[in-house]
Amino acid sequence: MRIIYDAEVDALYIRFLETTVTTQHITEGVAVDYAADGRIAGIEILEARRRLGDPNVFRQIILEEIPQAVAQPVKPPS
């Protein structure tokens, strides 16, 4: 994943896949890029400072891994 912020135009782009894309504008100033197989390849947010509020959000990135639930065996009814 690659996150790019262009302060000159106040645009934030989050790239998940490096591929040819089809873009769908989901609301004014927000677009989603899709790969040919339907996966989300990227998200663009214009006027990012206004939309995200605190400008410090662009200086700190925290990646959190959420553990998957461990399946417990189900006991048949007695």
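Tabulated values for the structure
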{"quantity": "Cβ-Cβ FRET estimate between ARG59 and THR22, R0 fixed at 25 Å, reported to 0.05", "calculated": "0.20"}
{"quantity": "Note, ³J(HN,Hα) from phi for region 36-47, Karplus 6.51, -1.76, 1.60, rounded to Hz, x at Gly and Pro", "calculated": "4, 8, x, 6, 6, 9, x, 9, 10, 10, 8, 6"}
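A short reminder: the numbers here are calculations on the coordinates, not readings from a lab. The model shown is predicted, which means the values in this text are computed figures rather than measured ones. Cβ: placed from backbone, ideal geometry, glycine included. Neighbour counts: every protein chain shown.
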